[in-house]
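Report on one structure; see the data block that follows.
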Amino acid sequence: MRLKDLTAILIHWLISTLAVMIAAYLLPGVHIQNFFVALVVAVVIGIVNVVLRPLLLILTLPVTIVTVGVFALVINALLILCVAVIVPGFTIDSFWWAFLFGIVLSLVNFFLRALA
């Protein structure tokens, strides 16, 4: 890997971490202990989105089509709840907070990447 690629990965990771922290700050039902936990959450969410999310979306494709894509948000919330179980120091009070966290996280990530 070239240095340019590693720099891009590091910037992407830091932007994702910042997005996680902003989303947690905006939502009172999402709790992150510190910056290090946010770094770990950003990595684990990235891994879960690369490994599990595509498989779940394929398995639930009929339901996702019938609900016009809304079920994909449900899958996202469930995956975020799984991340909360895996990462100590990251807690979410309920499914609905995870649902909102997924939406807010996507929006914040979009805006931060547009700025970078």
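Bear in mind that the values in this text are calculations on the coordinates, not laboratory data. Remember, predicted model here, so these are calculated numbers, not experimental data. Virtual Cβ from ideal backbone geometry, glycine too; neighbours counted across all protein chains shown.
Which of the following values of log10 I(q)/I(0) by the Debye sum over Cα atoms at q = 0.10, 0.17, 0.21, 0.23 Å⁻¹ was calculated from the structure shown: [x] -0.27, -0.82, -1.29, -1.57; [y] -0.43, -0.84, -1.02, -1.13; [z] -0.31, -0.85, -1.18, -1.32?
Recomputing log10 I(q)/I(0) by the Debye sum over Cα atoms at q = 0.10, 0.17, 0.21, 0.23 Å⁻¹ here gives the entry labelled [z].
Given a Förster radius of 25 Å and the C-beta distance between residue 10 and residue 78 as r, what FRET efficiency does 1/(1 + (r/R0)^6) yield to the nearest 0.05?
0.30
Give me the percent relative contact order of the chain, please, defined on Cα pairs under 8 angstrom at least 6 residues apart.
Relative contact order comes out at 35 percent.
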